[in-house]
Each structure stands twice: as C-alpha cells, then as structure tokens.
1. When only residues in the range 220-231 that are hydrophobic (A, V, I, L, M, F, W, C) and part of a loop (DSSP other than H, G, I, E, B) count, which is nearest to GLY196 (Cα to Cα)?
2. Pick from ASP259, ASP229: which is in contact with a Pro (Cβ under 9 Å, 6 or more places away or on another chain), more than 30 Å from GLY365 (Cβ to Cβ), surrounded by fewer than 17 Cβ atoms within 10 Å (Cβ to Cβ) and of a type in the set (D, E, K, R)?
3. Failed condition for ILE82, given (1) modelled with pLDDT of 95 or more; (2) of a type outside the set (Gly, Ala, Ser); (3) more than 15 Å from THR118 (Cβ to Cβ), with all others met?
4. Starting from the range 108-121, keep only residues that are in contact (Cβ under 8 Å) with a residue 24 or more places away in the chain and farther than 10 Å from THR134 by Cβ, then list their pairs with residues that are open to solvent by 60 Å² or more (accessible area, probe 1.4 Å) and among the aromatic types (Phe, Trp, Tyr) whose Cβ atoms are within a distance under 7 Å, requiring at least 6 positions of separation or different chains.
5. Say we look at the range 232-245 and pick out the residues that are assigned to a strand (DSSP E or B) and open to solvent by 10 Å² or more (accessible area, probe 1.4 Å); which of these is farthest from MET348 (Cα to Cα)?
6. Within the range 317-331, can one find any residue that is without any contact (Cβ under 8 Å) to a residue 40 or more places away in the chain and either crowded, with 22+ Cβ neighbours inside 10 Å or of a type in the set (S, T, N, Q) (or both)?
7. Name the residues in the range 42-56 that are in a loop (DSSP other than H, G, I, E, B) and surrounded by fewer than 23 Cβ atoms within 10 Å (Cβ to Cβ), would you?
8. On the given criteria, is GLU186 open to solvent by 50 Å² or more (accessible area, probe 1.4 Å), in contact (Cβ under 8 Å) with a residue 40 or more places away in the chain and over 22 Å from SER25 (Cα atoms)?
Amino acid sequence: MSKDRLQRFQAILADQADLAFIPISSDLQYLTGVPRDIPNYGHNIHPGDWLEGAWISPHHAPVLPLPRMTAEFGGLNQLQGIDIRVLGDWDEPAEMVKGILADFNLPDNPRVAISDFTRGETVSNLQPLVSGATWLSATDLLRPLRVIKSQSDIDEMKEAGRITEAAFADTLTSLRLGMTELEIVEEVNFQLRRHGSLGQSFTTSLYNSGPDHPLLFGQRMQSWHRKLDPPVSILFDFGGIYQGWCYDFGRTVFFGEPDEEAQRVYDLVMASQAAGIAALKAGESTTTATDRAARQVIEEAGYGETFRHRLGHAIGMDVHEPPFLTEGDETPLEEGMLFTIEPSIMQMNNYSARVEDIVVARPGGGEKLTNGWQELIVVS
C-alpha cells in the first residue's frame, strides 16, 4: 500500500466528501495496492460480489468487504495492511455494508464519492443504504494525483518497458515469412509472461498491410488466420504489466525487401515521433501543441489522412488515461506526466508504419522510456 498516496487522497476527501467507495480497479490498486487480476471476456458472478470494493473516509483506514470466493480463490485474504471483511456464501451483503457504514458515523445527507469503475448493480444496491446522500466521482477527485507520476512510479513503468522490449526481442527471433498474425500474437503474449508480465496490458494487436494485403480493422477472426506473405508491413501494438503499471509499445517489421515507398513511410513516422517527443516540454507546451508538432511532419509529406488517430494519451495503471495528445485538449504539460507518442501512417492497400514509446514530459522535451529498434526491422 502506498501510504503517501492514500493520505493525499484522504486530504482531498476531507474537503470534498465524507466517504468514498472504490471497487477493485486501477483506482484501488493505485491507492492501496490491492491487485487486479487478468480480466475475463465474460463476467463471472460470485454471491454478493456487488459489495467488492474499499470504503475510505478522511480519517479511517480502508475497509474492504469481499465475497468468500474472491477473498479465498483470488488470494486477497492474504493481503496485509488493509481491513478485509469476508462475506459468507449465504450471508446478506446489504447487512454487511450497513455495519461498515455504521462504523463511519456519517452525518445526515452525506457526500459519498464513488469510483467511475463502480458497477451499476453496486450503485443501485448502495443508494437505499445511504439515505439522502449526494453522489460524486471519486475518480475525478483522484485524477490529479494519478496524472503526475513520481520518480518511483516512472521507474516502475520503466521496468514494464524493459519487460515489453525483452518480449519483443524474443518474438523477433521467431518471425518467419508466411506465418499468420495469430501465431505472432500468441508468441508476443507468451513472451510477455515469460519475461515477468502478468499478461498483456491490453489486447495485443497487429495492423498489417501491403499492396496485396488489405489493412483490416477489428476483424480478428479474419485477420488472425491470413498468412503474412511478403511484401507486407507488420505493425505491432502491445504492452506488458509490472506492479500494476501498463506499458504500451509499438514497432514496425517488414516481411520482404522494403521498396522506396515502404522506407519513406517508415522514415516519416519516425520523424513525426521525434518531433512529438521534442515538443513534450513541461511548463511550456500543451497537449494540443504536441499533437500538432508531430502531425505536421506527416501532413506536409502528403499523408495527413492516413494518420487516423490522436498522437497519444496519458498512461499509468490504465492504458488510456486523460489527458490526451490531441487537437482540442489544451492541457498544460507538467513534469512527470507520462504519455504515449505513437504516430502512424496506415494505408488500406499499401505499406503502413507505426512506432510507440512511453515518454515523460520534461522541461526541455520528452524523455523516452524505451529506445530499441529505431531502424526498420526487415525479415527476408
């Protein structure tokens, strides 16, 4: 548990709310160290699981009620430094919550902050238990703390980056012409775990294109099984996890011998990233200005329409966090903000390229956390 983070949040609560409820989520892991597990595609229901989450007040230690299945099979009953209350399989969750709330001696019509990650079922069960409450977002209260990373936070993200680069290095040794996207994705995911990651920080994705290999978005069951016969550019987008910190990383690999167009596209993307990193000046620039500096490189070369997304996003214990490097987000840059810088040129029926690293906003410009593979990687 980070006592400093928790104490700073409690100081904010003292001004804004009487009590906060935060389910198992990045918000809770950030504040207390309670870990998250790898998510499931389908929801698993345990008896009374709507009460999972910590209750935090300005002046009391967190109380974490958990269903027995989560506490026992999830291993959370082994956690130290947090008051865990275990709900039996046939116990009434509302009665347990009533008892916890009574211990906080809330005033009439209390102000209760709930994390944005709270499920609708939880909210509907809590409302009748806290009469006359005013509800507000605990995530909004916590965000100013999460957006500025300490040096120890940055060091842990660096370790997530080291794991990610190690996984990529070993994936490269397995690449061969004609393999499928699915084979590469599974190799990446295996190598992430092999090198110490809990799993992938988000769904590992490849964006592959060439004159005879149309780019497909969101059609995994089709794209996974296509053979990657040269010439084709392969765009990696994946990341590892370390101590709850989520990395986001991208590189371009070319199957076959890149022609002048393929190399030009790659060089433009790398120049765009360099411009974005240089513009990430804490205390001087903004998120919009950083996006504009990188985008201008690609637009002036005539590829503006193929840069299909924002330049990047803040990142931490979630993969996408605000603020965003995009037109219209005028957030002033502060030292310690972490962003992805991820320009791309994505052509539907021609060669594409992308690069992505996490970068720290510094007074003189951005500091990259990963630096490998700056030249186009060619497999032939």
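1. Within the range 220-231, the first condition is being hydrophobic (A, V, I, L, M, F, W, C), and the residues that meet it are 221, 224, 228.
Of the ones still in play, those that are also part of a loop (DSSP other than H, G, I, E, B) are 224, 228.
Numbers: TRP224: 25, LEU228: 29 Å.
This residue is TRP224.
2. Of the residues listed, the single one that is in contact with a Pro (Cβ under 9 Å, 6 or more places away or on another chain), more than 30 Å from GLY365 (Cβ to Cβ), surrounded by fewer than 17 Cβ atoms within 10 Å (Cβ to Cβ) and of a type in the set (D, E, K, R) is ASP259.
3. Checking ILE82 against (1) modelled with pLDDT of 95 or more; (2) of a type outside the set (Gly, Ala, Ser); (3) more than 15 Å from THR118 (Cβ to Cβ), the one that fails is (1).
4. ILE114/TRP135
5. Within the range 232-245, the subset assigned to a strand (DSSP E or B) is 232-238, 241-242, 245.
From what is left, the residues that are open to solvent by 10 Å² or more (accessible area, probe 1.4 Å) are 237, 241-242.
On the way: ASP237: 17, ILE241: 31, TYR242: 35 Å.
Checked the range 232-245; the qualifying residue farthest from MET348 (Cα to Cα) is TYR242.
6. Initially, the range 317-331 is screened for residues without any contact (Cβ under 8 Å) to a residue 40 or more places away in the chain, giving 320, 324, 326-327.
After this cut, where a residue has to be either crowded, with 22+ Cβ neighbours inside 10 Å or of a type in the set (S, T, N, Q) (or both) as well, the list is 326.
Yes, the range 317-331 contains at least one residue that is without any contact (Cβ under 8 Å) to a residue 40 or more places away in the chain and either crowded, with 22+ Cβ neighbours inside 10 Å or of a type in the set (S, T, N, Q) (or both).
7. If we filter the range 42-56 for residues that are in a loop (DSSP other than H, G, I, E, B), which is where we start, we get 42-48, 52-53.
Result: GLY42, HIS43, ASN44, ILE45, HIS46, PRO47.
8. On the way: open to solvent by 50 Å² or more (accessible area, probe 1.4 Å): yes; in contact (Cβ under 8 Å) with a residue 40 or more places away in the chain: no; over 22 Å from SER25 (Cα atoms): yes.
Criteria not met by GLU186.
The values are calculated or read from the model by the stated rules, or taken from the named source; none is laboratory data. On a predicted model such as this, the values are computed, not experimentally measured, just so you know. Positions of Cβ are generated from backbone atoms using ideal geometry, with glycine treated the same way; all protein chains shown enter the neighbour counts. We work out accessible area using only protein heavy atoms, side chains counted, and drop any ligands, DNA or RNA first. Shrake-Rupley method; radii C 1.70, N 1.55, O 1.52, S 1.80 Å.
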